[in-house]
Each structure stands twice: as C-alpha cells, then as structure tokens.
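Chemist: Okay, handing you the structure first.
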Protein chains: 2
Amino acid sequence: MNRRQFTRLAIAGASLAPFISVAQAEASFEQRKTQADAVSIKAHKDFMAVEGIKMMGNEKIAMLLYPGFYAADLVNPQFIFNSMMGAKIYLVSPTEDLTPVEAGGISIVPTHRQSECPDDLDILFIPGGAMGTLKAMQNQQFIAFIKAKAAKAKYITSVCTGSLLLAKAGLLKGKKATSHWTTLDILAKFGTTAVKERVVWDGNIVTGGGVTAGIDFALEILAALRGQQYAEVIQLQAEYDPAPPFNAGSPDKASPFVRDTVANMFAPLLVSMEHELET
Amino acid sequence: MNRRQFTRLAIAGASLAPFISVAQAEASFEQRKTQADAVSIKAHKDFMAVEGIKMMGNEKIAMLLYPGFYAADLVNPQFIFNSMMGAKIYLVSPTEDLTPVEAGGISIVPTHRQSECPDDLDILFIPGGAMGTLKAMQNQQFIAFIKAKAAKAKYITSVCTGSLLLAKAGLLKGKKATSHWTTLDILAKFGTTAVKERVVWDGNIVTGGGVTAGIDFALEILAALRGQQYAEVIQLQAEYDPAPPFNAGSPDKASPFVRDTVANMFAPLLVSMEHELET
C-alpha cells in the first residue's frame, strides 16, 4: 500500500484498530499523527452532519455543591454534561466564596459563587448525600436559593437524596419523582408520587435514584438535549456496559440481611430527614 | 401496641418501612430518633458479627491525582473505598504542594503530598484520562513515583487508561490487564496480554475498563478485602442496579457509526499514547 492509498484509507474513517496497525507498519510517528489528526477532524465533521445530533450548544448547567454531598452523585453526571460541547457548567458554592466543599472524603472546588449563578438555567442539578443532605435541608438560605434558581430553569433535576432538597423547597408537591430507595417512603408522605425507578420524568422535573443512577439519569438528559446518538457516543466513551459482580443493587434483589442492614444503619438519618420535611 | 412492644419491634431490626410507619403513628420525633439510634447500633453489631465480613480494617489506599485525569475514574472507586471503616485514603498530589488538581472540568483537592504517601500500601490506584494521561506518561518523575510505590503495594490497580501509566512504569510486562477499549490494541503491542473485560485480575494487579468500570472494579476489590456481603451492602447503598437507557456501552454493542466516531475522534491521542510506550 502506498502513501496515497494509506491516506485514503485513514481519511475514510476506518475503525481504529486497522488504522493503527496499517499506520504503524508503514509510517513514522509524525506521519501517523498527521493522519490521525485528519481522521479525527473528519469524524467530528461527520458527527456534526448527522440529523438529530446537536453537536454544539450553549446550555447553562448549575450543579449545587454543599458540605457533605456525595461526590459520586455529582461527578458521574458532570462527566456526561461536560461532554456537551459549548455548554457551561457552574459548580456553585454554597457560600459567597470558593472554598473547597467536602464531599464524602473528597473536596471539590466550586467554580462560581451563588451570586454568579445564572437565572436562566437549562439544568439545575442537586446531588444527594447523607448527614450533609440533612444539614442542607435545614439551611433556609440554601433551600431558598434552590427555589429561586428553579423558577426559570428548563430542567429541575436531582440524583439520590437530592430530591429531598427539592421536596423541602416545595418543588415536588403533586409531582412524580424518585430518590435513594431508603427515602422513597419519606418522599411519599409529603405529597409526592414516589416511584422506585432509575430515572423519573415529570414535566420539567427529572430525578434519579441512588448514587450510581446518576449515570442513567444524565444519559437520558443528554439524549433529550443533544440527540440519542450523542448520548450513545458518550456512553461508549464512558464504557458504560455495566457488569456488577454481585446482584445486590436494589432492595428487591439484595438478600433480606443486606437490605435490612442498609435500611437500619441509616434509620436515624431517615427519621431526621422525615422530621425535616414535617417542619 | 404499647411502648414496650414498639421498642421490641424496633430493636428486632425489622425492615425500615414498617419501622417508620409504626414509629410515626405513635411516637414523637425524639422517641422515634431514640429508637432509630438503637436500631442502627444493633444493625452495626449484627453486621460486625457475620462470619466472612471484616467490618474494621486499617488499609492504606493511595489514589494518585495528576492534571487532566478523569474525576469519574477516581470518584466511583473512592466512594466504595471510603466505605471501608478504618481504612485511610490518600489522595496524592502530583507535586509537593496541595494545589487542587484539574480533573476534566472539576478540581479536586489532594489530601497528601507525594512525600507523605506510605510505601506499604494495600492499594495503589491510578485513574485514567485523555490528554492528561498522555502528559502524565511523559512525566518521568510521576512514572518513577508509580514504580516506587508499586514495589511494596499489596494491590497495584488502575481504571481506564490508568493502565497505560502502569505499562509506562514497566509494571504490566507479561501480565494480563485491561484498559479503556480504545487503548487495548496499544497495550497489547508492548508485552501485555490485553483483555476486553470489565475487571481483570493477574496476581496483585487489578485493572478496570473505561471510566464507569471503576464501579465493578472497586466492588470486586472491596469483596476481596472485606467480604462479599460487605460489598453487597455498599452496592445497595450506591443503588448500583444499572439500567443504561441505550445499548452502546461497548464497541461490540454500539452501532458502527457510534463506535467509529469515538475511535476516530480519539485517533490523535491514541497515536501519541502508543508513541509514548515505544519511546
């Protein structure tokens, strides 16, 4: 194969494995790199040209941090939202400074102060947590901030117990929503149709289940905003082809011992969260 | 039901839903909270008593940060490792200060300097990334640090392209390992048996696939260190009962268009990563 044939093959966007092996056999690193750049540019152009895919956008996405939230609730959706070319993500501080926020053994730096968070959000996102979420429910300023930013948001969203913060802000009355499985009973007592599903849509309210449900949640939102094929590309990039080593991810699948252990260990927190919605 | 019967029921560790509803019908918040505390303490004691579960430990876990790593590669395992009571997690800075490290649109604060990272690690963990991982492969000091800390580590581990950093440090020669699917061919060219599996064990080397494989990876390690039921409790807490909205999480499941888009978009990076292992 001569150089011209090789170029044609590479530019044609053949799948990567044959491209690499052909390139390695015949070309220097610099040649391979030049070809790979061309292949990449073509892939971007081809992707942009597909009907139904919205490659560029200017969505404003606010993800609210507060002490003690679960980093995992936030970071999986953040990885997926961060793939939205042109979109802007605001990691909003719970205060007026940019002090790192503790998030379950890991500290994350906010990018914006509350006063810098736009009103015309495409996505308002609230992560969940345990004791930190209870304390956030008790923080009137924080709850008022959620309510204010929800007023004009295109989508009002949460993962895990983040939905209890939406409930506390009065945003889930009469709505269908989900939460971490241990808190569904609580949600149901305060005027919400609590549903045990991975992702629940009700109008502009989109809620995800516990922690890892944030992946399914964010892929659904990405598909709604940028098209299903965009979401599939990011799913493949994230290699989201789950293979849980055990079958214990849901209370109806786990053994009664495992299920009761989780529910009972969290009982004090759950009683306190319920009390917080009563008051 | 009188108070004594109620107490007996609560202490018996009945599942949460009946507990909450009984409690709410008859007791004040303070009474409910006291009962819930007792239920929680009993659940912890019962859990600790189960054969095969190691509730407390003193594992030392180092998770290495470097500019441009994928936060999602790190945070899912961190959530799971953080459940290991008594274990200590070192989020190790790539430098001798504790400046926040950029991780794909999110900044994470290291907890320890390189000089503070122990040698006798139970887990050495390397997250993956894209351009940031290439730059880390080119950072001789960082590669030497990985090699040094691997020398006495009980488990040498990675998620996603983190395995290319292990390869660069010479730790995967003659070993079976996995990586992000786009980089398996590269790994295979440099003396590693590259396997397309979610989690791969070879002696004390445990590697996970792309990004979200970190969940499966960490649950397997948790089970090895603390027992399967411990891992199941954390799986249920993380509600890891995945329901991907699309079937595109693996190159053999995604459409050829989606697969080629990802492979071709990343072609320049892949050529550069391959070159880095050659040199």
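Here is a yes/no grid of residues against (1) within 11 Å of chain A (Cβ to nearest Cβ); (2) of a type in the set (A, V, I, L, M); (3) in contact with an Asp or Glu (Cβ under 7 Å, 6 or more places away or on another chain); (4) closer than 25 Å to B:G214 by Cβ:
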| residue | (1), (2), (3), (4) |
| --- | --- |
| B:Q35 | yes, no, no, no |
| B:A38 | yes, yes, no, no |
| B:K54 | no, no, no, yes |
| B:A62 | no, yes, no, yes |
| B:Y66 | no, no, no, yes |
| B:A71 | yes, yes, no, yes |
| B:L74 | yes, yes, no, yes |
| B:P77 | yes, no, no, yes |
| B:P94 | no, no, no, yes |
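Chemist: Does any residue in segment A:224-240 that is more than 7 Å from chain B (Cβ to nearest Cβ) and under 17 Å from B:I215 (Cβ atoms) come within less than 8 Å, Cβ to Cβ, of a residue that is open to solvent by 10 Å² or more (accessible area, probe 1.4 Å) and assigned to a helix (DSSP H, G or I) six or more places away or on a different chain, and which pairs are these?
Modeler: Close Cβ pairs (under 8 Å, with a partner that is open to solvent by 10 Å² or more (accessible area, probe 1.4 Å) and assigned to a helix (DSSP H, G or I)) do not exist here.
Chemist: Another question about this same structure. Name the residues in segment A:96-152 that are open to solvent by less than 20 Å² (accessible area, probe 1.4 Å), within 13 Å of chain B (Cβ to nearest Cβ) and assigned to a helix (DSSP H, G or I), would you?
Modeler: Correct list: A:L134 only.
Chemist: Still on this model: Based on this model, can you work out whether A:I205 counts as touching a strand residue (DSSP E or B) at 6+ places or on another chain (Cβ under 7 Å), open to solvent by less than 20 Å² (accessible area, probe 1.4 Å) and more than 26 Å from B:G249 (Cβ to Cβ)?
Modeler: Working: touching a strand residue (DSSP E or B) at 6+ places or on another chain (Cβ under 7 Å): yes; open to solvent by less than 20 Å² (accessible area, probe 1.4 Å): yes; more than 26 Å from B:G249 (Cβ to Cβ): yes.
Spelling it out, A:I205 is indeed touching a strand residue (DSSP E or B) at 6+ places or on another chain (Cβ under 7 Å), open to solvent by less than 20 Å² (accessible area, probe 1.4 Å) and more than 26 Å from B:G249 (Cβ to Cβ).
Chemist: Being among the acidic types (D, E), in contact (Cβ under 8 Å) with a residue 60 or more places away in the chain and open to solvent by 10 Å² or more (accessible area, probe 1.4 Å) is the requirement here; does B:E197 meet it?
Modeler: So B:E197 fails the test.
Chemist: Go through segment A:16-33 and report how many residues are at pLDDT below 85 and at the interface with chain B (Cβ under 9 Å from one of its Cβ atoms).
Modeler: Qualifying residue count, segment A:16-33: 7.
Chemist: I need the full set of residues from segment A:184-195 which are out of contact with any strand residue (DSSP E or B) (no Cβ under 9 Å at 6 or more places or on another chain) and either more than 10 Å from chain B (Cβ to nearest Cβ) or among the polar types (S, T, N, Q) (or both), in order please.
Modeler: A:F190, A:G191
Chemist: Can you tell me which residues in segment B:242-254 are open to solvent by 40 Å² or more (accessible area, probe 1.4 Å) and facing chain A (nearest Cβ under 7 Å)?
Modeler: Correct list: B:A243, B:P244, B:P245, B:K253.
Chemist: Could you list, ordered by first residue, the pairs with Cβ atoms under 6 Å in which the first is in segment A:267-279 and at positive phi and open to solvent by less than 10 Å² (accessible area, probe 1.4 Å) and the second is modelled with pLDDT of 95 or more and of a type outside the set (D, E, K, R), at least 6 apart or interchain?
Modeler: Note: no pairs meet the criteria.
The values are calculated or read from the model by the stated rules, or taken from the named source; none is laboratory data. Keep in mind that this is a model prediction, so the values were computed, not measured. Using ideal geometry, Cβ is built from the backbone for each residue, glycine included, and neighbour counts are taken over all protein chains shown. Surface accessibility is based on the protein's heavy atoms, side chains included, excluding ligands, DNA and RNA. Shrake-Rupley method; radii C 1.70, N 1.55, O 1.52, S 1.80 Å.
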